[in-house]
Amino acid sequence: MHKNIAKRRLFYQVRGKAQRISRRISLAMIGNGIKSRIGSRMLKNYSTGVFFDEMFAADGEARPGYGPLRTQIESMTDTELLHRRDEAEHALISMGITFSVYGDARAEERIIPFDIIPRVITPGDWAPLEKGLQQRARALNEFLKDVYGPARILKEKIVDPEVVYSSPNYLKQMVGFAPPRDIWIHVSGTDLIRDSEGTFRVLEDNLRCPSGVSYVLENREVMKRTFPELFRSHRIRSIYDYPIRLRGTMEYLSDAPAPSCVVLTPGIYNSAYYEHSFLAQKMGLPLVGGTDLVVHDDRVYMRTTRGLQPVDVIYRRIDDAFLDPEAFLPDSVLGVPGLFEAYRKGNVALLNAPGTGVADDKVIYTFVPDMIRFYLDEEPIIPNVDTYLCSRPSDLKYVLENMEELVVKEANGAGGYGMLIGPSASKKQVQEFREKVRHAPRDFIAQPVMSLSRVPTVTDDGIEGRHVDLRPFILFSDDIYVMPGGLTRVALPRDSLVVNSSQGGGTKDTWVMGS
């Protein structure tokens, strides 16, 4: 009850703020006598700067796929465009699309900012991305089979064994275990960036409980309401079959004729709880917490009003450490006692398999191109970002001497935290980070500051370029499915390179065009 009241209060506060901003913008425009079209004021004054702009080439011409979008924007007045932006914000609020920020005392939940100018990806750009992501998923799955099995890649010193065994996400309990269908990574989200030359590169892999797909689906719904005419004039590939495919991925792991599947959430205070409930609803599956499940005789059951019902497959959105207090953290109140033993005995399937986190350690990330060559005998289709391993003496020396020019990240950090952007950091921050790296070099990597590509974005000051990344979602079952598009995250503050929603970032709809 109290949570619902707080949510409604937040809704009216945010809606009121959006309305006040809209009124201020409209009054300011009238006061300044701005009656020109968008094309003559915003887009014609738009500057690509020194960055790779995904909508405009350096000569100002629209890139392939963006022509109809440019025409549509130029046909609208400033007032109309801003009105549609406000409509999109109100639609998101009414849907209850929120996320939480841990440790933020100001508000329990926030609305993720959404920009109404979509990102467009042509078939020619998407085809190699799709193949490259499938290639990467296969190699990473082979790596997990190997490091928890014969460890060939470690014995041949392609990957340093110490790097693997020192990872906090390496689970000794999984050694010698083969998950159902020999698949470890059922759901993954790989973060991509586009550099100053327009080349897509992998920034990092997310293989534990990647989040954000609910925003992808809801953003598309909002865009169809906001710009119905664009969907009539564009051939945009659909993303709406993702929940069906996700449920199919779950059912593929069980031999039962009609597998009983559930979504396991840590609860309402988790930052991605909205997504957990959204996906459960879209798949037509129960959303359960740890107390809703019980293990008897190494079988998992769900408590219902009709008594205990057997469970065959669990899409778990709980980290390994909290999954089972009998196997991992004994004081965890989120997991299910006995769940890991039931899993080990083959009586229940888990998405993703415990222990997958060792493969999305940012130190392990640097070896993925070698994994592709080792396991698949192929060259990587999508390159990594150049990376320095602070655990290597030569790399450590370079990083310590050039930290002011680098991005330094914690090997297992997330959400834009535990990261230093050298050029924008103070001398004190650089020195503090330098001491952290010296003290625990295995826990850090460094990369050059990448000039992330930009996409035009509606701001209170007009249409300006903002840096973006892309997180496509990949499902691994009898084949590997890559959602056509994914979550485009936008660094909304001017000149910011941090796209995470917890750091002020927003999102865009991503259109992969049909051939």
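Brief remarks on what is shown
- Residue count for the stretch 154-187, restricted to those that are among the aromatic types (Phe, Trp, Tyr) and loosely packed, with under 15 Cβ neighbours inside 10 Å: 1
- Hey, GLU221 within 30 Å of PHE56 (Cα to Cα), out of contact with any helix residue (DSSP H, G or I) (no Cβ under 7 Å at 6 or more places or on another chain) and outside any strand (DSSP E or B) or not: yes
- The residues of the stretch 360-382 that are among the acidic types (Asp, Glu) and free of Cβ contacts under 8 Å to residues at least 24 places away in the same chain, listed by number, are ASP377, GLU379.
- SER277 vs. criteria without any contact (Cβ under 8 Å) to a residue 24 or more places away in the chain and under 20 Å from the mean Cα position of the chain (by Cα): yes
- Subset of the stretch 445-477 that is touching a Lys or Arg at 6+ places or on another chain (Cβ under 9 Å), at pLDDT 95 or above and of a type in the set (A, V, I, L, M, F, W, C) - its residue that is surrounded by the most Cβ atoms within 10 Å (Cβ to Cβ): ILE445
- Selected residue (only one of VAL407, VAL430, VAL458 is within 30 Å of GLY60 (Cβ to Cβ) and either in a strand (DSSP E or B) or among the aliphatic types (A, V, I, L, M) (or both)): VAL458
- Filter result (acidic (Asp, Glu) and free of Cβ contacts under 8 Å to residues at least 12 places away in the same chain) within the stretch 386-406: GLU401
- You will find that of ALA321, ALA359, ALA349, ALA353, the residue that is among the small types (Gly, Ala, Ser), within 30 Å of VAL407 (Cβ to Cβ) and buried (at least 21 other Cβ atoms within 10 Å of the Cβ) is ALA359 and no other.
- Looking only at residues of the stretch 240-298 that are among the small types (Gly, Ala, Ser) and more than 29 Å from MET223 (Cα to Cα), we find that the one that is surrounded by the fewest Cβ atoms within 10 Å (Cβ to Cβ) is ALA258.
- The requirement of being of a type in the set (Gly, Ala, Ser), crowded, with 22+ Cβ neighbours inside 10 Å and within 24 Å of PRO168 (Cα to Cα) is fulfilled nowhere in the stretch 418-437; no residue meets it.
- GLN281 of a type in the set (S, T, N, Q) and assigned to a strand (DSSP E or B): no
- Selection status of ALA88, at pLDDT 85 or above and crowded, with 16+ Cβ neighbours inside 10 Å: yes
- Top-ranked residue in the stretch 306-331 [being in contact (Cβ under 8 Å) with a residue 40 or more places away in the chain and part of a loop (DSSP other than H, G, I, E, B); ranked as farthest from MET174 (Cα to Cα)]: VAL311
The values are calculated or read from the model by the stated rules, or taken from the named source; none is laboratory data. None of these values were measured; they are calculated from a predicted model. Positions of Cβ are backbone-derived with ideal geometry, glycine not excepted, and every protein chain shown enters the neighbour counts.
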